[in-house]
Amino acid sequence: MAEQHIASAFDRDLEGIQAKIMKMGGLVEAAILDAAQSLETRDVELAEQVRAGDKAIDALEEMITENAARVIALRAPTAGDLRIVLSVMKISGNLERIGDYAKNMAKRTSILAEMTPIDGSPTALRRMAREVNEMLKDALDSYIQRDVAKARDVINRDGDVDQMYNALFREFLTFMMEDPRNITPCMHLHFMAKNTERMGDHVTSIAEQVIYLVTGDTPEEPRVKRDNTSTDKSLAPD
């Protein structure tokens, strides 16, 4: 009877933590899309909402960490149960970082709203953000469903985000070379594109945690990165 009581208490604690994870995930998904939309529509008010909303994401991450630490201390989970708690902590950490990147994007929107628009770039960035957002939805679904195949699919799609970033990087270079007045806005846009690419990396880390949770192993094959902006000699000045 005592063991059953402890098990049911652990299950209740875990359900509470996982509910917070899903709430946090929903807030982060909204932050990604709102940050990208605020750039495309030059909506400074929406950008400010993204920045203000990051506090709720941070608060949830802190609560999840505290709750998970309490479960470890009081319930002493072993084997698979411990993997669940550790995975939850790492997933919440990745979600918090994604929220930070969305907030950083929103900060630059207020600056870019005062500058001459760079044709097509905000739309391309929003398309990239939507892809990351879809990856995040699938990563969280794979966590709830314990779906390793879906998690691996998310990992594979990160290469598409890298390629979008590479294309935007080259586009920004072209704009800057054509007109020096484009340098400042293109630098801001480049940092926003890099933030979005880094969001994809953190989503991939969430998917890797799902694989670890289900199998007990981290993916053996190294993650293939297709961000070649730091190594591609064709991007270097003559």
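Quick rundown of the values:
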read-out	value
Residue within region 202-216 that is exposed (fewer than 14 other Cβ atoms within 10 Å of the Cβ) and at positive phi present	yes
Members of region 32-89 found to be more than 20 Å from Leu14 (Cβ to Cβ), crowded, with 18+ Cβ neighbours inside 10 Å and small (Gly, Ala, Ser), listed by number	Ala35, Ala36, Ser38, Ala47, Gly53
Residue satisfying condition, being closer than 23 Å to Ala207 by Cβ and exposed (fewer than 15 other Cβ atoms within 10 Å of the Cβ), within set Ile144, Ile111	Ile144
Filter result for Glu45 (modelled with pLDDT of 95 or more and over 18 Å from Glu96 (Cα atoms))	yes
Matching option when the condition is at pLDDT 95 or above and of a type in the set (A, V, I, L, M), among Leu86, Leu74, Leu33, Leu82	Leu33
Any pair with Cβ under 6 angstrom, 6 or more apart, that starts in region 181-203 at a residue that is under 24 Å from Ile91 (Cβ atoms) and ends at one that is open to solvent by 30 Å² or more (accessible area, probe 1.4 Å) and not aromatic (Phe, Trp, Tyr)	Asn195/Asn104; His202/Arg97
Selection within region 177-201 - aliphatic (A, V, I, L, M) and open to solvent by 30 Å² or more (accessible area, probe 1.4 Å)	Met177, Ile183, Met187
In region 61-105, the residues that are among the acidic types (Asp, Glu) and without any contact (Cβ under 8 Å) to a residue 12 or more places away in the chain	Glu62, Glu66
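The values are calculated or read from the model by the stated rules, or taken from the named source; none is laboratory data. As the structure is a computational prediction, the values presented were derived from the model and not from experiment. Here Cβ is always computed from backbone atoms with ideal geometry, including for glycine, and neighbour counts include all displayed protein chains. Keep in mind that these areas ignore ligands, DNA and RNA; they rest on the heavy atoms of the full protein, side chains included. Shrake-Rupley method; radii C 1.70, N 1.55, O 1.52, S 1.80 Å.
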